[in-house]
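Remarks on the structure that follows.
Each reported figure results from applying straightforward, stated rules to the coordinates on display, with no laboratory input. Small disclaimer: the values here were computed from a predicted structure and weren't measured. Neighbour counts run over all protein chains shown; Cβ positions are idealised from the backbone, glycine included.
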Amino acid sequence: MLGDEMTGPDGQMLVGVPAGSFMMGSGVGWPDERPAHQVTLDGFWIGKYEVTNDAYATFLNDTQPADVSAWLDIASDYCGIECVGDVYRPITQMGDHPVLAVTWYGAAAYCDYYGYTLPTEAQWEYAARGPAVPTYPWGNEWDAQKCCNWDNWGPGADRTFPAGSFPAGESWCGALDMAGNVCEWCADWYSQTYYQVSPEVNPPGPESGTIRVCRGGSWYMPQGPDYCRTANRGGGTPQYGNDHTGFRVARSHE
């Protein structure tokens, strides 16, 4: 399954992540990354790229939500989508950039519509690290030119780069932009102490909470090397979109 690719129902590419085990977390990072612990996962597929403005605008046109603000803060200066009449479309030259200002509910709705799920936090980290658990998706040495980050913004006035702009920064399974560009919503509720009680097999995250997990670095992170690490954790309030968080999709291996 490793190295396999498939096209999803929304037309985007997914890469295969085989079943396996890895050491999740870090013994030298932030407190919420501890303890490092073994996790075993079933095989799954994950988006090779972050979901783009093109893809999300198509979704909005297909679904025509009564209240788009529950899914997308379209009034945000950082949103790459506009509505003209009744038609949603990417802002000029932003179609292939990752969608921003999307809420957790908006990300989950997209996944549900196309038969995906958001990746669990464990799936996300395994796709970024693999059994070798490198510090960054590409290895253990920081290289600001292998991802979009605070010291490597996109062209012109854009903070982000088009999705997939850094093939040299790909993870072991072929997923791109897992260290930067935008942070990504995951399925789980966030708990700072979850790793202390996490089950070993297919951990689903806490049963409840107030914020949802976000993983991966972004253009916004001012301390690039620390916040772009594969073990770094974060969270966000699910009903709000922001200027540096998007998402990618996942689905089980059938």
* Over all alpha-carbon pairs of the stretch 5-252, lay out the pair-distance distribution in 5 Å bins, whole %, shortest bin first. => 1, 7, 15, 20, 21, 17, 11, 5, 2, 0, 0
* What is the local net charge at A187, summed over the other residues whose Cβ is closer than 13 Å to its Cβ (Lys, Arg +1; Asp, Glu -1)? -> -2
* **Values of log10 I(q)/I(0), in the order q = 0.13, 0.17, 0.22 Å⁻¹, for the stretch 16-149 under a Debye, Cα-only, solvent-free model** => -0.71, -1.00, -1.24
* Asked: By how many degrees, 0 to 90 and rounded to 10, does the Cα axis of helix 53-63 deviate from the longest principal axis of the chain?
  -> 70 degrees
* Rounded tilt (10° steps) of 104-114 against the dominant C-alpha axis of the chain -> 80 degrees
